[in-house]
Amino acid sequence: MFQKSDPPVNKKKKRRKMSEKDTETFDVLELAEHVKKQGWWNKMFGKNQSGPAAEKYSVATQLAIGGVTGWCAGYLFQKVGKLAASAVGGGFFLLQIAHHTGYIKVDWKRVEQDVNKAKKQLKLNTDKPTAEVRTKFNEVQVFVKKNIVLTGGFAGGFLLGLAS
């Protein structure tokens, strides 16, 4: 992954004491900064902002790239979603069987209290999104606006991947 002629960026040394005599040194690489200085990254995503795909590729190429990646993401989302739904549903099914056969007893009053407490906490925390969420949302908006054809192809491919 790294080239010999290109030294890692922001190489920091962290020391952790093993014992009084021995210390071990770790190299921490800032991969995000290192990758941004690579030629292939700049060709695909630009130097400072993402999104020059609209300037470099034809509309058909953008639709094809977006459609294929969207289909792959949708297909994987469908398969993982089915697996997760089966696991959660199967777990509830087994809990119900265990409850009805007498292996476990559920304190429903306590469950109701915990659910109501969780609802109150969720209502308090959903008034305003955090600054990180707003910043990421703005970045996504900028990317979508700059690459509308690519994201349109991705959305279509994603829906086709879900359906297949």
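The values are calculated or read from the model by the stated rules, or taken from the named source; none is laboratory data. Keep in mind it's a predicted model, so treat the numbers as computed, not measured. So basically every Cβ, Gly included, is an ideal-geometry build from the backbone, and we count neighbours across all protein chains shown. These area figures cover heavy atoms from the full protein model, side chains too; ligands, DNA and RNA do not enter into them. Shrake-Rupley method; radii C 1.70, N 1.55, O 1.52, S 1.80 Å.
For region 131-142, the candidate set comprises residues that are open to solvent by less than 100 Å² (accessible area, probe 1.4 Å) and modelled with pLDDT under 85; within that set, the residue that is farthest from residue 73 (Cα to Cα) is 131.
When region 121-158 is examined, which residues are found to be β-branched (Val, Ile, Thr) and within 24 Å of residue 56 (Cβ to Cβ)? Please lay out each step first, then the result.
Here is the first cut: in region 121-158, the residues β-branched (Val, Ile, Thr) are 126, 130, 133, 135, 140, 142, 144, 148-149, 151.
Passing the criteria: 140, 142, 144, 148, 149, 151.
Just one of (1) open to solvent by 90 Å² or more (accessible area, probe 1.4 Å); (2) under 19 Å from residue 152 (Cα atoms); (3) not small (Gly, Ala, Ser) fails for residue 75. It is (1). Out of all the residues in region 120-130, is one or more touching a Pro at 6+ places or on another chain (Cβ under 9 Å), at pLDDT below 90, open to solvent by 90 Å² or more (accessible area, probe 1.4 Å) and not basic (Lys, Arg)? No: region 120-130 contains no residue that is touching a Pro at 6+ places or on another chain (Cβ under 9 Å), at pLDDT below 90, open to solvent by 90 Å² or more (accessible area, probe 1.4 Å) and not basic (Lys, Arg). Helices (runs of 4 or more DSSP H) fully within region 53-151 that include at least 3 residues being among the basic types (Lys, Arg): 108-125, 131-146. In region 58-82, the residues that are farther than 9 Å from residue 162 by Cα and of a type in the set (Gly, Ala, Ser) reach residues that are part of a helix (DSSP H, G or I) and open to solvent by 60 Å² or more (accessible area, probe 1.4 Å) with C-beta atoms within less than 7 angstrom, at least six apart or across chains, in these pairs: 66/154; 70/154.
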